[in-house]
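J.: Okay, here's the structure, questions in a sec.
The values are calculated or read from the model by the stated rules, or taken from the named source; none is laboratory data. On a predicted model such as this, the values are computed, not experimentally measured, just so you know. Calculation scope for accessible area: heavy atoms of the full protein, side chains included, ligands and nucleic acids excluded. Shrake-Rupley method; radii C 1.70, N 1.55, O 1.52, S 1.80 Å.
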Amino acid sequence: MLYLEATTRQLMAVATVLSSLYPAVPVVLALVLLGERLNRRQVLGLVCAASAIGLIALR
């Protein structure tokens with residue numbers, strides 16, 4: 001439902017990319033709240049997601 005609202009108010013490309021970042025949220029929450037350790041794949045994924053957000057913001 002929030003995705004549909006975002007697509008009507010924002011560019012479709014921005015809403016789609018930001019909604020695809022959903023898998024990063026549980027990783028960050030586990031890191032912050034549970035003190036979980038990240039493996040190399042998770043770190044790479046978070047770095048890629050953060051750089052994608054930065055590239056979107058530059059647009």
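J.: Accessible area of the chain with a 1.4 Å probe: how many percent of it is carbon plus sulfur?
T.: In the chain, the share of accessible area belonging to carbon and sulfur is 69 percent.
J.: Using the Karplus equation 6.51 cos²θ - 1.76 cosθ + 1.60 (θ = phi - 60°), what ³J(HN,Hα) coupling, rounded to whole Hz, does each residue of segment 40-45 give in order, writing x for Gly and Pro?
T.: Taking θ as phi minus 60°, the curve returns 4, 5, 5, 4, 4, x Hz for segment 40-45.
J.: Please build a GNM for the chain, connecting alpha carbons under 10 Å apart, and tell me which residue among 49, 30, 15 fluctuates the most.
T.: Sorting by GNM fluctuation, first place goes to 30.
J.: Oh, and also: Return the Rg/Rh ratio of the chain with Cα-based radii and a Kirkwood Rh. Provide the component values of the computation, followed by the final result.
T.: On the way: Rg = 13.4 Å, Rh = 12.7 Å.
So for the chain, dividing Rg by the Kirkwood Rh gives 1.05.
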